[in-house]
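A.B. asks: Here you go, one structure.
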């Protein structure tokens, strides 16, 4: 018999809110995380993006806030990006419990956020830099926080965010801590050992591999844009195209628009209002192509993306995982293509040595003419010590590829807490 949210012991008020949102059956991560969270245990959730972990920690958080009144904020959710903070707040508000929340993130002015905090809130959702900005401006106190959630902890606890996150934890007093993450590198493990008290560990396997089809597309550098344009022209659904830099993403999106594509860019130099409008248009299917930096690779709940394109290689295997995780979500099939030029070969070999998967090579000509995938000498792709096929190398020698449809360290000195709009990692 399938378990229900009622079986997990949630209150009638929350069950009604879930029913109002047509959510009636908990997914695996919710089944495993909600019981220990309701008991007050520290919990580590390792689960792929799109697995339902936001609701897994929001429901026990809301139930705890509803059970006892008091001055706040009594709960804090910390996220690495503004978009993820907005998404978590949207899930919280969808439950319509009457509890008050405040969104606190950089890239926008302080007035609206400070007013929300002055009015009194039960929950604060925000990014590390702006949270600490508010603390330093004496607009926010974390001393009453009873439940602290570190969402996408593997990004927040590396060299870019770790000092701020450590400071946030120090400003609270023995809260229940939830750490949610898609991957669990060493620095996250060290943080768990340092700050969490005998946590319950929940690990949810990634979706079946057949849900995601990921191929390598070899292309000459001069042909990259034309290849991408033809690929997108033959594609009927929504696609995210990942670039490496803010400038490159802006330029690529402009070039795609000049070629007649309905494209928008998402990168850290945009104002928050523009970023919000871009995401609303993409979610609402008014824009079919989103060209983005890694700012769109983490946590965003966009269910209709069926194609991801790595136009530029990511900096690490983890970012490759997060990027392609924008598709094939919740068991729905999706496809990803990683572009590889001859100039990219050293970087790709490095990614392979660091743990990136060996990818089968897609037959470009068949893809462009027939519109479906066929692989070129897939066995040779796996066998070659550099992770590429001899057939592909021979083809590059004889004809051009055909087209188809570190983070900066925190500076010493100066202001103690920077607004998140200056973070290269979060802003893309």
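A.B. asks: What are the residues in segment 276-320 that are modelled with pLDDT under 85 and at negative phi, if any?
C.D. replies: Of segment 276-320, the ones modelled with pLDDT under 85 are 276, 295-304, 318.
Correct list: 276, 295, 296, 297, 298, 300, 301, 302, 303, 304, 318.
A.B. asks: Residues that are assigned by TED's automatic domain parsing to the domain that holds residue 248, within 18 Å of residue 227 (Cα to Cα) and at pLDDT 80 or above: does segment 344-354 have at least one?
C.D. replies: Kept after step one, since they are assigned by TED's automatic domain parsing to the domain that holds residue 248, are these residues of segment 344-354: 344-354.
Going one step further and asking which of them are within 18 Å of residue 227 (Cα to Cα), we end up with 344.
Subset that is at pLDDT 80 or above: 344.
Among the residues of segment 344-354, at least one is assigned by TED's automatic domain parsing to the domain that holds residue 248, within 18 Å of residue 227 (Cα to Cα) and at pLDDT 80 or above, which makes the answer yes.
A.B. asks: Quick check: is even one residue across segment 260-280 assigned to a helix (DSSP H, G or I), touching a strand residue (DSSP E or B) at 6+ places or on another chain (Cβ under 9 Å) and closer than 19 Å to residue 228 by Cα?
C.D. replies: no
A.B. asks: Given the criterion outside the structural domain of residue 39 (by TED's automatic domain parsing), surrounded by 16 or more Cβ atoms within 10 Å (Cβ to Cβ) and modelled with pLDDT of 95 or more, identify the matching residue among 219, 241.
C.D. replies: When all the criteria are applied, what remains is 241.
A.B. asks: Within segment 321-338, which residues are at negative phi and touching a helix residue (DSSP H, G or I) at 6+ places or on another chain (Cβ under 6 Å)?
C.D. replies: 333, 336
A.B. asks: Residues that are buried (at least 20 other Cβ atoms within 10 Å of the Cβ): which helices (runs of 4 or more DSSP H) entirely in segment 286-370 hold 3 or more of them?
C.D. replies: 317-324
A.B. asks: Mind listing whichever residues of segment 114-130 are in contact with a helix residue (DSSP H, G or I) (Cβ under 9 Å, 6 or more places away or on another chain) and farther than 16 Å from residue 90 by Cα?
C.D. replies: 114, 117, 128, 129, 130
The values are calculated or read from the model by the stated rules, or taken from the named source; none is laboratory data. Here the structure is a predicted model, which is why all the values come from computation and not from measurement. In this analysis, Cβ positions are derived from the backbone assuming ideal geometry, glycine residues included, and neighbour counts consider all displayed protein chains.
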